[in-house]
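**Student:** Here it is, the structure, as structure tokens.
The values are calculated or read from the model by the stated rules, or taken from the named source; none is laboratory data. Since the structure is predicted, the reported quantities are computational estimates derived from the model, not experimental observations. Quick reminder, even Gly has a Cβ in these numbers, built from the backbone with ideal geometry, and neighbours come from all protein chains shown.
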Protein chains: 4
Amino acid sequence: MAGNSFGNLFKVSTFGESHGEALGGVIDGCPAGIEIDLEAVQQELNRRKPGQSSIVTQRKEPDQVRLVSGIFEGKTTGTPIGFIIENTNQRSKDYSHIKDQYRPSHADKVYDEKYGFRDYRGGGRSSARETASRVVAGAIAKQFLAGIEIKAYVSSVGTLHLNKPYNELDLQNTENNPVRCPDAAMAETMEDYIKKIRKEGDTVGGVVSCVIKGVPSGLGEPVFDKLHAELGKAMLSINAVKGFEYGSGFAGAEMKGSEHNDLFNADGTTRSNFSGGIQGGISNGEDIYFRVAFKPVATIMQKQSTINKDGEQVEMQGKGRHDPCVVPRAVPIVEAMAALVLADNMLTKRSNKI
Amino acid sequence: MAGNSFGNLFKVSTFGESHGEALGGVIDGCPAGIEIDLEAVQQELNRRKPGQSSIVTQRKEPDQVRLVSGIFEGKTTGTPIGFIIENTNQRSKDYSHIKDQYRPSHADKVYDEKYGFRDYRGGGRSSARETASRVVAGAIAKQFLAGIEIKAYVSSVGTLHLNKPYNELDLQNTENNPVRCPDAAMAETMEDYIKKIRKEGDTVGGVVSCVIKGVPSGLGEPVFDKLHAELGKAMLSINAVKGFEYGSGFAGAEMKGSEHNDLFNADGTTRSNFSGGIQGGISNGEDIYFRVAFKPVATIMQKQSTINKDGEQVEMQGKGRHDPCVVPRAVPIVEAMAALVLADNMLTKRSNKI
Amino acid sequence: MAGNSFGNLFKVSTFGESHGEALGGVIDGCPAGIEIDLEAVQQELNRRKPGQSSIVTQRKEPDQVRLVSGIFEGKTTGTPIGFIIENTNQRSKDYSHIKDQYRPSHADKVYDEKYGFRDYRGGGRSSARETASRVVAGAIAKQFLAGIEIKAYVSSVGTLHLNKPYNELDLQNTENNPVRCPDAAMAETMEDYIKKIRKEGDTVGGVVSCVIKGVPSGLGEPVFDKLHAELGKAMLSINAVKGFEYGSGFAGAEMKGSEHNDLFNADGTTRSNFSGGIQGGISNGEDIYFRVAFKPVATIMQKQSTINKDGEQVEMQGKGRHDPCVVPRAVPIVEAMAALVLADNMLTKRSNKI
Amino acid sequence: MAGNSFGNLFKVSTFGESHGEALGGVIDGCPAGIEIDLEAVQQELNRRKPGQSSIVTQRKEPDQVRLVSGIFEGKTTGTPIGFIIENTNQRSKDYSHIKDQYRPSHADKVYDEKYGFRDYRGGGRSSARETASRVVAGAIAKQFLAGIEIKAYVSSVGTLHLNKPYNELDLQNTENNPVRCPDAAMAETMEDYIKKIRKEGDTVGGVVSCVIKGVPSGLGEPVFDKLHAELGKAMLSINAVKGFEYGSGFAGAEMKGSEHNDLFNADGTTRSNFSGGIQGGISNGEDIYFRVAFKPVATIMQKQSTINKDGEQVEMQGKGRHDPCVVPRAVPIVEAMAALVLADNMLTKRSNKI
């Protein structure tokens, strides 16, 4: 179980290193008969792409996806959807200095220990570039999930917090600014802060929030594969993620039952939604919402002390083109992973009853 | 994928409802040759058992486990380990009042929607009673993980927080008090608070922290099956869990890269450990630590308004024997799930290199 | 993947050794709402039981199954069905002589090589006793498959072949004789032959044929998980099986395309059925039929030369109570495994289309 | 489980239709550190390629494979190996006549029933063209299996049978003739027969035999995942296969135990090998051998009566470039699937003992 597949019934298996020939994957289990909007798939990929604004990495990657199977006359056929994104702008020489050095808080050293050696160019398989494949698969999943709306947005950058619940925000505004924060004033503050951090050669962490509307009741399995457990795993599998909470989250742990219980309205909806749309691991039809914490990017443009393969202390200076803050580009990735979880559970649900 | 199995190579499949005839499971993939201390397995189960102290539910459940296969002459044989825990003290009549009513923030209503009907006695499969099977499997996993130390403890009850890092605590003290908080003074405060909450007929949430020492480098797979993603899923699959964070967690999202990066010592260890012992999803040999947020138990001994199957508003009064705060009994469950994740990844790791 | 689970969506995980405390398993993924006839489950188990007639082993095993979860008020709930069969009549001392000896054509030696040691009592996990769990799971699967008729029967014993196609036989007669051959005359001849073989202290192989009627079109996946590939794996996983063929089988390899092609009638049915009800791995609604070859039981009541753990040549004399011919008791096992394959594919099929 | 993945620890997921843009796949779980001979991979693919001789289809397909990830500096890195084979010579218009017609003994009709519509060009996903991806994955698996020799060959074409056991043949001769029969005289007879069949516009079935030498003891799991059950599934998943037998096979079902038992030599090897190198589902170190029956190719160059989507009887004339007998080209596919099974079980075996 080398762990390059995600999902059971709607399953994606991905491949590709940062500086290899190509990235790509196979989506297996996508039901037949879905009309695929190829432009929309590319559009999702563009949202993730570097070089979109002054606050993200300036790498130029065309990131053009080719869907080479599983679609015929515009519709999915029920056979696997293979896709390929060629790598065209690798500056592999940028990385020759880390061939024998271990970057702090990167996976360089553990790769050598785990596999005996590593593709050191740009982080290899552990580069966030791998998430391009997830976004393609998620874009297909979204088209299967017609009627379900998945909206992620940046809610914190460093200590700057957007302290408003999602239902007091206009999430249509998320894409209107490079930070992907739906509150225009906060977005500007955050943008300024990220620019300052970049100038310092530093990086900063942040939080992506996500809300999902229109999920039918009954998704998720009640024991090990609770819907929020699968969402949690999906989010924690994204590069740089350190935490996940849904509904009331960590704040809920401070509450009393008499405050936290979501009482029913006569129509079966709930008055409050501390449950976050999931009860006992199963969706109840209310909005699902969760928060994902991202650590600061480990590559900084400052001198750092580190060690090389021989255990000698060396000085290292970050090179290459990196993001000062990862959360704006993480927004479409969070949505993609959420879409994959939901698509998989939509199919699983079909087996519940006779 | 009805989700009653956990793990791939070291896999447990469980069965059993709160008020059915028996609970149990199958552990498949436990390597041959492990000497099994049966007493230690029962001991773990006793740690989880109700009725241990005045601050947990007073239900009496003997919870005696029978291991009926896979062990011969005291050692695992490599064949599946079947186990059974008979249910002997079900007061099913306590639950007849909820046959047609939906308890707030329980899974009653979503079960009816998902499956068409439900075993309403004591929460059925969604009862925390199901975790007894996890504890048995985790106890076997712990014996496979000789040399690795997994220690969970209560770090918050409601708004009472034990604000000390794990390495300033003596975790040998955890089992010395009914709260399972290793700080004696805080434990007493917490215990008093839980008693007060119980008297009010209310419940309260809390946080379980966990630290794992002695994990070799190289556990975990770098993409979807990152070690912390699997730990996260494992924890989020426990009843009542709302959040998971490891290493720096949500606090790490507020930090700068220059603060957060874990610089190397000459011997390859790291000076700080914001990474929480995992880099790029792979263990690096440092301590793994994480926190798990539990919501307050939904069953309260107060009158609540709710609805019945016909959508009529009714008043409901909690009955039965319930925990006012779930975290003390959750401690061995957190450890069990961590053990299952590690055991599975120990086996997966054997496939890394030629 | 220690291989004690079968199926994906309708999955059974089994445990238990021949002379351990109990056998059993977990059926996970059985849809909710199936009315379960417990008597019919026990009845299937009785068909497999030893001691039914003079031509099978005279061991007495009550083989009483307890279904301990997943069924409520007579119907499946969608949660896992746990079941247990206590072992009550183990004469383990019958096996002390093989503790250090390797029986020819048994798994004794490979177990020692694979696992380092073995539970030598009665073949341990490799005993055909393990198939009792399969029969229970298959009996539940059959109840899910209402409308589909699975009928297996003995078509060969040694060189005695019933050379009639299934549609010239009255399969209602199968259970009327101890051989489970639907042709009364041939059944008698086979029975006499088996008695003769038993008197010689020898054993003999045979073939079980199976026909499945009423399978809807569209079961099976077109590439690796072809319906006949899953049936083949299921049958080859039964103890003592050496071969599997479906439809025209090995005889089909001698034919020309112009003879073998199944031409269509106007109503979409086919004039011939060399395809065996499966085309491109997918059921087409015609009868599915296949044949399964069983080798002679390895334990014979004659002196055989063999070796012990130390590689010394020793003489061995078969002891215990064994079948002279395995095929009569294999009939319900073949049906059970076929039912498991179909149940799993019935659920998989639900994901085919949007 | 749409069934486009094979294997658990050494797993390949494939994609691609006969007349789509490209075929390809992902190999996940290949251990790090294997030196990959890219030329050898292409060579295996060439063995499967059409147009190699006068007795196979004259389609020209360059079938050039690109390995785009998972290999660095000539060695596997432990990350997924993605590969792509572009489709360059599709004459899709050859297939417009079957858009609305169902070819006898093809999967056309069941695809429409299962998925609602189909990619009718060249059989789509059910084309044997899909096996190109299997051969690539198998070629990588072979390089992991250094020291294990897998040799398949044609042993029957129609009623022409090579009645010699594998150990009386010189399997080095297999590639010396277009039939891939290691007996030169029989190869010539078979070749003449295939040419005659082709001239008649007909096709014929055949049998591929395979022998595997050098397999260590202990591969395969004793219950559902017996080594021969996995080999059987692998073979039955190849297009046109109708049967599988290993060791004594169907002939073994006619034997007595006293004849069939493989007695041990003092060194632990066996005097005979009716077991086919596998006992109780576990390899014992002896040669593994098995036979695979292929039906005649369904597309014949003769007029056939069939039906169209509207259930009308129509006449159909085979077009396109097809094989008169599939077994010569099936030889590398059988080897590839055997290699995948062994590679997967080699990794599984690593979990057997503590």
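**Student:** Kindly indicate whether any position in segment D:290-305 is in contact (Cβ under 8 Å) with a residue 60 or more places away in the chain, farther than 19 Å from C:Gln279 by Cα and assigned to a loop (DSSP other than H, G, I, E, B).
**Tutor:** yes
**Student:** Also, quick follow-up: Given the options D:Tyr166, D:Tyr115, D:Tyr102, name the one that is under 21 Å from D:His322 (Cα atoms) and among the aromatic types (Phe, Trp, Tyr).
**Tutor:** D:Tyr102
**Student:** Does D:Glu230 satisfy the condition of being surrounded by 21 or more Cβ atoms within 10 Å (Cβ to Cβ) and either on the phi < 0 side of the Ramachandran plot or touching a helix residue (DSSP H, G or I) at 6+ places or on another chain (Cβ under 9 Å) (or both)?
**Tutor:** Yes; evaluated as a whole, the condition is true for this residue.
**Student:** OK, next. Say whether the condition of being in contact (Cβ under 8 Å) with a residue 24 or more places away in the chain and more than 7 Å from chain A (Cβ to nearest Cβ) is met by at least one residue in segment B:265-274.
**Tutor:** The answer is yes, given that some residue of segment B:265-274 is in contact (Cβ under 8 Å) with a residue 24 or more places away in the chain and more than 7 Å from chain A (Cβ to nearest Cβ).
Per-residue answers, yes or no, for (1) touching a Leu at 6+ places or on another chain (Cβ under 6 Å); (2) more than 7 Å from chain B (Cβ to nearest Cβ); (3) buried (at least 24 other Cβ atoms within 10 Å of the Cβ); (4) free of Cβ contacts under 8 Å to residues at least 24 places away in the same chain:
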{"position": "A:Met186", "(1), (2), (3), (4)": "yes, yes, no, no"}
{"position": "A:Asp192", "(1), (2), (3), (4)": "no, yes, no, yes"}
{"position": "A:Lys199", "(1), (2), (3), (4)": "no, yes, no, yes"}
{"position": "A:Leu219", "(1), (2), (3), (4)": "yes, yes, yes, no"}
{"position": "A:Val241", "(1), (2), (3), (4)": "no, yes, yes, no"}
{"position": "A:Glu245", "(1), (2), (3), (4)": "no, no, yes, no"}
{"position": "A:Ser248", "(1), (2), (3), (4)": "no, no, yes, no"}
{"position": "A:Gly276", "(1), (2), (3), (4)": "no, yes, yes, no"}
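**Student:** Here's something else I'd like to know. As an exercise: evaluate A:Asn163 against (1) farther than 25 Å from A:Ser18 by Cβ; (2) assigned to a helix (DSSP H, G or I); (3) of a type in the set (S, T, N, Q) and give the number of the one condition it does not meet.
**Tutor:** Against the list (1) farther than 25 Å from A:Ser18 by Cβ; (2) assigned to a helix (DSSP H, G or I); (3) of a type in the set (S, T, N, Q), A:Asn163 comes up short only on (2).
**Student:** Separate question: Taking the conditions exactly as written (in a loop (DSSP other than H, G, I, E, B) and under 28 Å from B:Ala2 (Cα atoms)), does C:Ser351 satisfy them or not?
**Tutor:** yes
**Student:** Hey, any hits in segment D:196-205 for a residue that's closer than 22 Å to D:Asn239 by Cβ, among the charged types (D, E, K, R) and in a helix (DSSP H, G or I)?
**Tutor:** Looking for residues that are closer than 22 Å to D:Asn239 by Cβ, among the charged types (D, E, K, R) and in a helix (DSSP H, G or I), one finds at least one in segment D:196-205, hence yes.
**Student:** On to the next question. As an exercise: evaluate B:Asn8 against (1) surrounded by fewer than 24 Cβ atoms within 10 Å (Cβ to Cβ); (2) closer than 25 Å to C:Asn8 by Cβ; (3) modelled with pLDDT under 95 and give the number of the one condition it does not meet.
**Tutor:** (3)
**Student:** Select from segment D:18-35 the residues that are more than 26 Å from D:Ala128 (Cβ to Cβ) and touching a Ser or Thr at 6+ places or on another chain (Cβ under 7 Å) and list them in ascending order.
**Tutor:** Selection gives D:Pro31, D:Ala32, D:Gly33, D:Ile34.
**Student:** Quick check on my filter: what residues within segment A:207-217 are surrounded by 24 or more Cβ atoms within 10 Å (Cβ to Cβ) and farther than 30 Å from A:Cys325 by Cα?
**Tutor:** Matches in segment A:207-217: A:Val215 only.
**Student:** Still on this structure, I have one more. For segment D:221-250, give me each residue that is assigned to a helix (DSSP H, G or I) and of a type in the set (Phe, Trp, Tyr).
**Tutor:** Residue satisfying the conditions is D:Phe250 alone.
**Student:** Quick test of your reading of the structure: D:Ala266 fulfils all but one of (1) over 25 Å from D:Asn8 (Cβ atoms); (2) modelled with pLDDT of 95 or more. Name the failing condition by number.
**Tutor:** Result: D:Ala266 fails condition (2) only.
**Student:** Just a yes or no: is a residue in segment A:33-46 surrounded by fewer than 18 Cβ atoms within 10 Å (Cβ to Cβ), under 30 Å from A:Lys196 (Cβ atoms), of a type outside the set (D, E, K, R) and touching a residue at least 40 places away in the same chain (Cβ under 8 Å)? First the steps, then the outcome.
**Tutor:** Here is the first cut: in segment A:33-46, the ones surrounded by fewer than 18 Cβ atoms within 10 Å (Cβ to Cβ) are A:33, A:35, A:37-40, A:42-43, A:46.
Still in the list and also under 30 Å from A:Lys196 (Cβ atoms): A:46.
With of a type outside the set (D, E, K, R) added as a condition, the list becomes A:46.
Next, only the ones that are touching a residue at least 40 places away in the same chain (Cβ under 8 Å) stay: none.
Looking for residues that are surrounded by fewer than 18 Cβ atoms within 10 Å (Cβ to Cβ), under 30 Å from A:Lys196 (Cβ atoms), of a type outside the set (D, E, K, R) and touching a residue at least 40 places away in the same chain (Cβ under 8 Å), one finds none in segment A:33-46, hence no.
**Student:** Could I ask something else about it? Could you check how many residues of segment C:284-304 are basic (Lys, Arg) and over 30 Å from C:Asn345 (Cβ atoms)?
**Tutor:** 1
**Student:** Would you check which residues across segment B:278-289 are buried (at least 24 other Cβ atoms within 10 Å of the Cβ), at the interface with another protein chain (Cβ under 9 Å from one of its Cβ atoms) and either in contact (Cβ under 8 Å) with a residue 24 or more places away in the chain or aliphatic (A, V, I, L, M) (or both) and list them?
**Tutor:** Once the filter is applied, which keeps residues that are buried (at least 24 other Cβ atoms within 10 Å of the Cβ), at the interface with another protein chain (Cβ under 9 Å from one of its Cβ atoms) and either in contact (Cβ under 8 Å) with a residue 24 or more places away in the chain or aliphatic (A, V, I, L, M) (or both), segment B:278-289 yields B:Ile278, B:Gly280, B:Gly281, B:Ile282, B:Ser283, B:Asn284.
**Student:** Report every pair of residues separated by at least 6 positions or lying on different chains whose Cβ atoms are under 8 Å apart, first residue within segment C:222-238 and within 8 Å of another protein chain (Cβ to nearest Cβ), second surrounded by fewer than 24 Cβ atoms within 10 Å (Cβ to Cβ) and in a loop (DSSP other than H, G, I, E, B).
**Tutor:** Qualifying pairs under 8 Å: C:Pro222/D:Gly3; C:Val223/D:Gly3; C:Phe224/D:Gly3; C:Asp225/D:Met1; C:Asp225/D:Gly3; C:Lys226/D:Gly3; C:Ser237/D:Asp225.
**Student:** Next question, about the same structure. Taking segment B:206-220 as the region of interest, how many residues are of a type in the set (Ser, Thr, Tyr) and not in a loop (DSSP other than H, G, I, E, B)? Outline the logic, then answer.
**Tutor:** Pass one, segment B:206-220, residues of a type in the set (Ser, Thr, Tyr): B:209, B:217.
The next check asks that each one be not in a loop (DSSP other than H, G, I, E, B); those that pass are B:209.
Looking only at that region, the number is 1.
**Student:** Of everything in segment B:142-178, what is of a type in the set (Val, Ile, Thr) and either more than 14 Å from B:Lys213 (Cα to Cα) or surrounded by fewer than 21 Cβ atoms within 10 Å (Cβ to Cβ) (or both)? Give them in sequence order.
**Tutor:** B:Ile148, B:Val154, B:Val157, B:Thr159, B:Thr174
**Student:** Still on this structure: Restricting to segment D:143-198, what's the tally of residues that are among the acidic types (Asp, Glu) and within 19 Å of the chain's Cα centre (by Cα)?
**Tutor:** 2
**Student:** Name the residue that is nearest to C:Ser69 (Cα to Cα), counting only residues in segment B:96-120 that are surrounded by fewer than 24 Cβ atoms within 10 Å (Cβ to Cβ) and hydrophobic (A, V, I, L, M, F, W, C).
**Tutor:** For segment B:96-120, the residue satisfying everything is B:Phe117.
**Student:** Quick one: how many residues across segment B:250-274 are closer than 30 Å to A:Gly257 by Cβ and either among the hydroxyl-bearing types (Ser, Thr, Tyr) or surrounded by 24 or more Cβ atoms within 10 Å (Cβ to Cβ) (or both)?
**Tutor:** 1
**Student:** Hey, does segment C:296-311 have a residue that's more than 8 Å from chain D (Cβ to nearest Cβ), in contact with a Ser or Thr (Cβ under 8 Å, 6 or more places away or on another chain) and more than 23 Å from D:Asp202 (Cα to Cα)?
**Tutor:** No: zero hits.
**Student:** All but one of (1) within 14 Å of another protein chain (Cβ to nearest Cβ); (2) in a helix (DSSP H, G or I); (3) out of contact with any Lys or Arg (no Cβ under 6 Å at 6 or more places or on another chain); (4) in contact (Cβ under 8 Å) with a residue 12 or more places away in the chain hold for A:Ala139; state the number of the condition that does not hold.
**Tutor:** Status for A:Ala139: all satisfied but (1).
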